[in-house]
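Shown next, in structure tokens, is the structure this report addresses.
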Amino acid sequence: MIIKVLLIAGIAGAGLFASRIPGAGTGLALRRLLGAGLVIVAAVSVAFPEITNWAANLVGVGQGSNLVLYGLVVAFLFAVTALYQRISHLEGQLTQLTRAIAILSADKAEPRTELREPVQ
Amino acid sequence: MQQSLDDVCVVVPMFNEANVLEGVLETLLAVFPHVVCIDDGSSDNSPEIARRCGATVLKHVVNRGQGASLQTGFDYVRTMTDAEYCVTFDSDGQHGVLDALAMVDALRESGADIALASRFRGTTEGMSRMRGLVLKAGVWFTRRSAKLDVTDTHNGLRVLRRTALNSIRLRLDRMAHASELLSAIVPAGLSYIEVPVRVEYSEHSRAKGQANIAAINILFDLATAKLRASA
């Protein structure tokens, strides 16, 4: 069935997306493309509800509503991985910022002057 | 004490350790003149205690994890001091100061870059059987992945020479840093020695320490780091 190929490709794509850090701008561009695509598909399928049935039959799914559900699951996977990436990137930056502040505002101990055991 | 310890800086990551910190730092500062505490956003008065004991205090304004704290300490020692040796020492009192001293001496004599502590060559006090198993699994895993012939991999007591500080960057903020540090040794061409030590599990360290199940987090962090590195 065509749908199986499409879904597995989508899921694998999400997995691949999660495991690599996209180059500058690539991640954002992908997110925007996917977002725009989703908006268009959503608008069209509201205006012409029968189109989802037609598309479902085309890829071998019984009902249009099922196809919509499958699409949502894959889109959700992409959204979660994109968010996860973004958060880990931000966490790395937060660590660097925290570290810089800690080192800059170090509260230095005064040299210890009290008598210590004599060095032989 | 035959040799001056002026070229040694002890790095102590800490997070809400007010109960035991004073005792740990007193014994530490009685031997090592330079101690740097990295407070990882404690909500108790750990930083004040550390300051009063005579340690330099660096404060993470938000909690970033032990790996992040250690790297902050390394950066500080690297850039703000001229210490040749950096000791990492847990703040919960599970390490012995004399062990740390012996490790510094051993590193000095051997000329190696890193001295690692091994509780499995030395002795442990009060360790649960389950913790022993989890740690042994960690050792097995690290021996394979980092290609090191070590007997203990998640021991917080280490001594690093400046050469090691210059080539190690910990990017895993949480607990996977111990494996991350070991994995960096071979690729960086650093030499290491392993020194037997004694680890004491007190009531406090058992209550405060990581749950055994947290080993899953370490594996997850290491796996995602590996995927990213290879992609």
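For every residue, the table says whether it meets (1) within 14 Å of another protein chain (Cβ to nearest Cβ); (2) open to solvent by 40 Å² or more (accessible area, probe 1.4 Å).
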| site | (1), (2) |
| --- | --- |
| B:152 | no, no |
| B:156 | no, no |
| B:159 | no, no |
| B:164 | no, no |
| B:170 | yes, no |
| B:175 | no, yes |
| B:178 | no, no |
| B:184 | no, no |
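Where residues in the range A:72-99 are charged (D, E, K, R) and open to solvent by less than 100 Å² (accessible area, probe 1.4 Å), which of them is nearest to the other protein chains (Cβ to nearest Cβ)? Can you show your working first?
Taking the range A:72-99 as the starting set, the residues that turn out to be charged (D, E, K, R) are A:86, A:91, A:99.
Checking the rest, the ones that are also open to solvent by less than 100 Å² (accessible area, probe 1.4 Å) come to A:91, A:99.
Working: A:91: 7, A:99: 5 Å.
Only one residue tops the list, namely A:99.
Taking into account only those residues within the range B:138-150 that are closer than 18 Å to residue B:121 by Cβ and part of a helix (DSSP H, G or I), which is most open to solvent (accessible area, probe 1.4 Å)?
Per the criteria, the residue is B:140.
Quick check on residue B:206: is it of a type in the set (Lys, Arg), modelled with pLDDT under 80 and either surrounded by fewer than 16 Cβ atoms within 10 Å (Cβ to Cβ) or over 25 Å from residue B:9 (Cβ atoms) (or both)?
It is true that residue B:206 is of a type in the set (Lys, Arg), modelled with pLDDT under 80 and either surrounded by fewer than 16 Cβ atoms within 10 Å (Cβ to Cβ) or over 25 Å from residue B:9 (Cβ atoms) (or both).
Tell me, which residue of the range B:32-67 that is more than 8 Å from every other protein chain (Cβ to nearest Cβ) and of a type in the set (Ser, Thr, Tyr) is surrounded by the fewest Cβ atoms within 10 Å (Cβ to Cβ)?
Looking at residues that are more than 8 Å from every other protein chain (Cβ to nearest Cβ) and of a type in the set (Ser, Thr, Tyr), I get B:43.
For residue B:115, indicate whether it is more than 14 Å from chain A (Cβ to nearest Cβ), in contact with a helix residue (DSSP H, G or I) (Cβ under 6 Å, 6 or more places away or on another chain) and open to solvent by less than 10 Å² (accessible area, probe 1.4 Å).
yes
So, in the range B:153-187, of the ones that are in a strand (DSSP E or B) and in contact with a helix residue (DSSP H, G or I) (Cβ under 7 Å, 6 or more places away or on another chain), which residue ends up farthest from residue B:132 (Cα to Cα)?
In this case the residue turns out to be B:161.
So which residues in the range B:4-31 are part of a loop (DSSP other than H, G, I, E, B) and within 12 Å of another protein chain (Cβ to nearest Cβ)?
First, the residues of the range B:4-31 that are part of a loop (DSSP other than H, G, I, E, B): B:4-7, B:15-17, B:30-31.
Answer for the range B:4-31, where residues must be part of a loop (DSSP other than H, G, I, E, B) and within 12 Å of another protein chain (Cβ to nearest Cβ): B:4, B:5, B:6, B:30, B:31.
Can you tell which of B:77, B:36 is closer than 22 Å to residue B:104 by Cα and touching a residue at least 60 places away in the same chain (Cβ under 8 Å)?
Numbers: B:36 fails: touching a residue at least 60 places away in the same chain (Cβ under 8 Å).
None of the others qualify; the one that does is B:77.
I'm trying to understand the selection: among the residues of the range B:82-100, which are at pLDDT 95 or above and either hydroxyl-bearing (Ser, Thr, Tyr) or open to solvent by 20 Å² or more (accessible area, probe 1.4 Å) (or both)?
Of everything in the range B:82-100, those that are at pLDDT 95 or above and either hydroxyl-bearing (Ser, Thr, Tyr) or open to solvent by 20 Å² or more (accessible area, probe 1.4 Å) (or both) turn out to be B:84, B:85, B:88.
Out of A:33, A:69, A:16, I need the residue that is free of Cβ contacts under 8 Å to residues at least 12 places away in the same chain and within 14 Å of chain B (Cβ to nearest Cβ). Which one?
Just one listed residue meets the conditions, A:16.
The values are calculated or read from the model by the stated rules, or taken from the named source; none is laboratory data. This one's a predicted model, so the numbers in the text were calculated from it and none came from an experiment. Using ideal geometry, Cβ is built from the backbone for each residue, glycine included, and neighbour counts are taken over all protein chains shown. The accessibility values were calculated without ligands, DNA or RNA, using every heavy atom of the protein model including side chains. Shrake-Rupley method; radii C 1.70, N 1.55, O 1.52, S 1.80 Å.
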